[in-house]
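The values are calculated or read from the model by the stated rules, or taken from the named source; none is laboratory data. None of the values given here were measured: they were computed from a predicted structure. Reconstructed Cβ throughout: ideal geometry from the backbone, glycine too, with neighbour counts over all protein chains shown. To get the accessible areas, we keep the full protein, side chains included, count just its heavy atoms, and leave off ligands, DNA and RNA. Shrake-Rupley method; radii C 1.70, N 1.55, O 1.52, S 1.80 Å.
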Amino acid sequence: MILATLNDGTRDGRLIVVSPDYGSFADAAVTTMQEALERWNDVEPQLAAISEFPQSLDPQHLAAPMPRAWQWLDGSVYPSHGELMDKVIGVTKPKIDFPLMYQGASDKFYSPTEDVRMPDEDLGIDFEGEFGVIVDAVPMGTSAEDAMQHIKLLVQINDWSLRMLAGPEMKTGFGWIWAKPHCSMAPFAITPDELGEEWREGRVCLDLLVDWNGERFGAANGEPMEYGFHELVARAARTRDLVPGTIIGSGTVSNSNFREVGSSCIAERRGIEIVDEGAPKTDFMKFGDTVRMEGVTPSGSSPFGAIEQKVVHA
């Protein structure tokens, strides 16, 4: 099942069900994605039963699948990315046996084509391509095995970062606020069955194609997560109930052969340059720059659609 949210001028938009060919849609049985997730057991069969899609779909009219959410939690589960970033930033973390995670701003998610407002080029504007999940109500203490059944939708995310602020905030030991603006989301949220064999062990096993100003920057695959999404959900629910509509991200998609496949963020590319050449050569984004992200299957299809945005001065 493919879901999306039409931008109808309201804060939460209007939920629609999209045809298998992504060319048309039908109105959903409930108004918003949040309502659907809160009543998922009752609503999902009604949405899945829709077989006629009478209205033509213009992707330019789509908001983020969830234009805002009660909770956004982002992990860091790609070892190749985390180890490189720690080395570059100069952060030494204790050895742990659980996934890292922080809580970010969830009151707004940019639509897939919306201009992204930033206050200053000198803050190190960076994109971060990742995959994510949206859950229904997850009880406190849910195990990783049981958490799999709470993953209702898969999404693709650009977790924007301001790198000049990230290092200093991380070193305080208290987390970040300035370094993490609002994220963007690709237009379509899909049920896990839509990926077929490319949804394995709680992982989105797609190549994430990233183009910066029209040039290919990265094509890392989402599979080599140290922890799957079900384990991230269980980690988040260890001491709290997760409300329906909680969004959980993977962190920057990264592969150990990043020198060959490229990167999903500029900071990783700069980190490689520091390790290999002693200093970074790649600059961060400037106003007017564009970035495009698209998760693709081995056959070349794009189940989440593309995020394609321009950075502008706030």
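Scaled against the 2.2 N^0.38 Å expected of a compact globular protein of N residues, the Cα radius of gyration of the stretch 65-132 reads 1.35. How many Lys pairs in the chain lie less than 24 angstrom apart by Cα atoms, where the lysines are 8 or more positions apart or on different chains? Going through the chain pair by pair, I get 17. The slack between ASP193 and HIS61, meaning 0.36 nm per residue of separation minus the straight C-alpha distance, is 44.9 nm.
Projecting the Cα atoms of ILE134, SER76, THR31 onto the dipole axis of the stretch 26-151, where Lys and Arg carry +1 and Asp and Glu carry -1 at the beta carbon, places SER76 farthest toward the positive end. Note on the chain: Cα Rg divided by 2.2 N^0.38 Å, N the number of residues, gives 0.95. Ligands, DNA and RNA are left out, and with a 1.4 angstrom probe the accessible area of the stretch 65-180 is 45 Å² per residue. If I take all pairs of Cα atoms in the stretch 207-314, what percentage of them are more than 24 Å from each other? Value for the stretch 207-314: 39 percent of Cα pairs lie more than 24 Å apart. The gain in end-to-end length when the PHE174 to GLU201 segment is fully stretched comes to 6.5 nm, 0.36 nm per residue minus the alpha carbon separation.
Apolar share of the accessible surface for the chain: 49 percent from carbon plus sulfur atoms, 1.4 Å probe. Each label was represented as a point 7 Å from its Cα along the Cα-to-Cβ direction; for TRP70 and GLU223 these points are 3.6 nm apart. Given +1 at the Cβ of Lys and Arg, -1 at the Cβ of Asp and Glu and no other charges, the dipole of the chain around its Cα centre is 800 debye to the nearest 20.
About its Cα centre, the dipole of the stretch 189-314 is roughly 440 debye, where the only charges are +1 on Lys and Arg Cβ and -1 on Asp and Glu Cβ. Starting from the 7 Å offset along Cα-to-Cβ, what nm value, one decimal, do you get for the label separation of GLN103 and THR290? Reported label-point gap for GLN103 and THR290 is 3.8 nm.
Cα centroids of the stretch 138-214 and the stretch 1-28: how far apart, whole angstrom? Measuring centre to centre over Cα atoms gives 21 Å.
Taking every DSSP helix (H) stretch of at least 4 residues in the chain, weighting each as -39,500 (n - 2.57) and dividing the sum by the residue count yields a mean residue ellipticity at 222 nm of -5500 deg cm²/dmol.
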